[in-house]
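Worksheet: one structure, shown below.
The values are calculated or read from the model by the stated rules, or taken from the named source; none is laboratory data. In this text, all values refer to a predicted model and were calculated from it rather than measured experimentally. For neighbour counting, all protein chains shown are included, and Cβ atoms are generated from backbone atoms with ideal geometry for every residue, glycine included. Remember, those area values only see protein heavy atoms, side chains included, never the ligands or the DNA or RNA. Shrake-Rupley method; radii C 1.70, N 1.55, O 1.52, S 1.80 Å.
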Amino acid sequence: MSIWVFFKLLGSLGLLMFGMKSMSEALQKMAGPQLRHVLGAMTTNRFTGMLTGMLVTASVQSSTATTVMTVSFVNAGLLTLAQAISVIMGANIGTTLTAWIMSAGMSFDVSNLSFVAFFVGIILIYRKRYRYIGDFLFGLAFLIFALAVLRQTGQDMRLGENEAVLNFFSTFDPNSFLTTLVFLVLGGILTFCVQSSAAVMAITMILCSSGALPIYQGIALVMGENIGTTVTSNLAAMSANTQARRAALAHMFFNVFGVIWILFVFRPFIDMVCGWVGYDVAMTKDSVETSVFLANAAKLTFVLAAFHTSFNVANTFILIWFIPQIERLVCWVIKPKKQDEEEDFRLHFITAGFMKTPELSVLEAQKEIQSFSERMQRMFGMVRELLTLSSSANSKSDSQAGDFNKLYTRIEKYEGISDNMELEIAKYLDSVSNAHLSDETKGKIRAMLREISELESIGDACFNMARTISRKYNTKQDHFIERQYDHLHQMMELTDQSLTQMNRLMGGRKESFDVNRTFNIENEINNYRNQLKSQNINDINNHEYTYAVGTIYMDLINECEKLGDYVVNVVEARMGTRQRDF
């Protein structure tokens, strides 16, 4: 084999991987939001979840994309872990479509179709309205062309007539269980190293269809590929949150369990699949003419695809009845971290290395911003509690002072967390925006950058109120009168209502959100602030309290009003409306 044939093989494998990636990304750009809605709506039970995972994966040609979307829904509380496991099972079936496409491409000369796809694709790319269809056709063209080159390269290599290659594989006893295990491990290692089960599947098809690699060893490689691809996802999920790691472990358990039981019925199962395809297992090179042997060997690409599908369908049929037990197993193996995650700065949804496509990265960023928003409302709840402590601590006993200072320290820590979350999410969105995105997604990123800026301002407003309360508490100034405390609590209640509306929007769909409710609350806050401002001047003139106390009182009232403005800005950014002037 010449060096040029070797590089032709490597180049065509790279082209194959690039084509599949381009197709998957283009399909996600065209149907990403719809696919996410389908995943959320069609997983009412384990069977619909399995069918949904199968159809979505077959559509986007990426089981990783389906798994990532599923895990994000689990984190958001839209799906249970049990439902996610059923979707992942379906994704394993859906991804077998890739093997059928490859087997067809390597069995027939379809290279001419690639040039048609290239031509139509480039025309559509330059027509802005249809450019995503053009991107998909370009990816499909690369895939078809790569398969055609792989087919021709496999023929040029003449592996079935290469004595060195044949002698190497003949050193393994085809009847030995140890040989099956060796090729099983080899398939897993190759997939882990190449980071693409499709590329390893292509190599396996070339070796088998040329007659160099016996069918039993070839299928052992395919089984190893199933395990190798789950090792990659488990390593990627190590830095993710608990639910992501559990979903990745469930995926690995699914494939490892399948490999274990298939080893007990290895040869009968393969012989059954070969019978379906019409491949003669007993035929050897020496028993028939070379042309007949190679014609029989050419069917092996379909045998591999049929086995891959049959294996995953049978495994799903067995395990779909034990989803609750699988859920308990992965929850027992992967326990949540004991530390209080709420008190630590850690992004829950955005994880390095786990995201695979820009469109899905935006979905994860949205979930992270939702978490950011909920955290800010909890921070405001602490400020309200701090005000209550300050009002009931007239005696300033040691225990009350300790509780006050402890709560103030927590609020101070939350302020630092909000600053870090803004920076980290913005950095992540900036890296995502460098990719080739749809106009809709670019608009979402701009809106999300505005959202996190306003959320950080909410954190600043909360901390400003906490500092004002603390400054008054730790000085010898007079306390607020009872009426002032009542007004402050009423203002904070209105502000908390606006935060609740904001989080309702961040956690749901904007089509069903009544934005007028947010604007009405903001108007109430503004009117109440104006009313209290006038009343404060009168109370100072009537010597109800000192000017210094009145100033601190109005500082808190004004900070609540500012916080309400920031909330409206977040809502408008999410709804896609123009920012109002306040």
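Taking the condition at pLDDT below 90 and aromatic (F, W, Y), does F480 pass? Lay out the reasoning, then the answer.
Values: at pLDDT below 90: yes; aromatic (F, W, Y): yes.
The answer is yes for F480.
Which one is surrounded by the fewest Cβ atoms within 10 Å (Cβ to Cβ), of the residues in the range 446-460 that are over 15 Å from E561 (Cα atoms) and of a type in the set (D, E)? It would help to see each step written out before you state the result.
Just the residues of the range 446-460 that are over 15 Å from E561 (Cα atoms), to begin with: 446-453, 456.
Subsequent filtering for residues that are of a type in the set (D, E) retains 451, 456.
Details: E451: 26, E456: 22.
Within the range 446-460, the match that is surrounded by the fewest Cβ atoms within 10 Å (Cβ to Cβ) is E456.
Can you run down the residue pairs with Cβ atoms below 8 Å, 6 or more apart or on separate chains, where the first is in the range 492-508 and within 15 Å of G564 (Cα to Cα) and the partner is of a type in the set (S, T, N, Q) and open to solvent by 20 Å² or more (accessible area, probe 1.4 Å)?
D496/Q377; L499/Q377; T500/Q377; M502/Q377; N503/Q370; N503/Q377
When you go through A212, A198 one by one, which is the residue that is farther than 23 Å from I88 by Cβ, crowded, with 21+ Cβ neighbours inside 10 Å and aliphatic (A, V, I, L, M)?
On the way: A198 fails: farther than 23 Å from I88 by Cβ.
Criteria check complete, one pass: A212.
Which condition does K472 not pass, out of (1) of a type in the set (D, E, K, R); (2) within 23 Å of F404 (Cα to Cα); (3) open to solvent by 20 Å² or more (accessible area, probe 1.4 Å), if it passes all the others?
(3)
So which of H479, H489 is of a type outside the set (F, W, Y), touching a helix residue (DSSP H, G or I) at 6+ places or on another chain (Cβ under 9 Å) and not in a helix (DSSP H, G or I)?
Being of a type outside the set (F, W, Y), touching a helix residue (DSSP H, G or I) at 6+ places or on another chain (Cβ under 9 Å) and not in a helix (DSSP H, G or I) holds for just one of H479, H489, which is H479.
Filter the range 168-182 for residues that are of a type in the set (F, W, Y) and either touching a His at 6+ places or on another chain (Cβ under 9 Å) or part of a helix (DSSP H, G or I) (or both) and give the result.
Of the range 168-182, the ones of a type in the set (F, W, Y) are 168-169, 172, 177.
Listed by number, the residues that qualify are F168, F169, F177.
Residue check: is T500 open to solvent by less than 70 Å² (accessible area, probe 1.4 Å), at pLDDT below 95, hydroxyl-bearing (S, T, Y) and under 21 Å from E385 (Cβ atoms)? Can you show your working first?
Details: open to solvent by less than 70 Å² (accessible area, probe 1.4 Å): yes; at pLDDT below 95: yes; hydroxyl-bearing (S, T, Y): yes; under 21 Å from E385 (Cβ atoms): yes.
Against the criterion (open to solvent by less than 70 Å² (accessible area, probe 1.4 Å), at pLDDT below 95, hydroxyl-bearing (S, T, Y) and under 21 Å from E385 (Cβ atoms)), T500 qualifies.
Return the only residue of E415, E424 being of a type outside the set (S, T, Y), under 24 Å from T500 (Cβ atoms) and at pLDDT 85 or above. Lay out the reasoning, then the answer.
On the way: E424 fails: under 24 Å from T500 (Cβ atoms).
Of E415, E424, the one residue that is of a type outside the set (S, T, Y), under 24 Å from T500 (Cβ atoms) and at pLDDT 85 or above is E415.
Find all pairs meeting these conditions: Cβ atoms under 7 angstrom apart; at least six residues apart or on different chains; first residue within the range 129-149 and closer than 14 Å to K21 by Cα; second residue of a type in the set (K, R).
From the range 129-149, the pairs are Y132/K29.
Among the residues of the range 378-393 satisfying the criterion of being open to solvent by 40 Å² or more (accessible area, probe 1.4 Å) and farther than 11 Å from H489 by Cα, which is modelled with the highest pLDDT? Can you show your working first?
Of the range 378-393, the ones open to solvent by 40 Å² or more (accessible area, probe 1.4 Å) are 378, 384-385, 388-389, 392.
Narrowing further to those that are farther than 11 Å from H489 by Cα: 378, 389, 392.
Values: R378: 93, L389: 85, S392: 66.
Across the range 378-393, the extreme among qualifying residues is R378.
Mind listing whichever residues of the range 6-48 are open to solvent by less than 70 Å² (accessible area, probe 1.4 Å), modelled with pLDDT of 80 or more and within 18 Å of T316 (Cα to Cα)?
T48
Would you point out the residue of the range 334-366, among those that are aliphatic (A, V, I, L, M) and surrounded by 12 or more Cβ atoms within 10 Å (Cβ to Cβ), that is modelled with the lowest pLDDT?
M355
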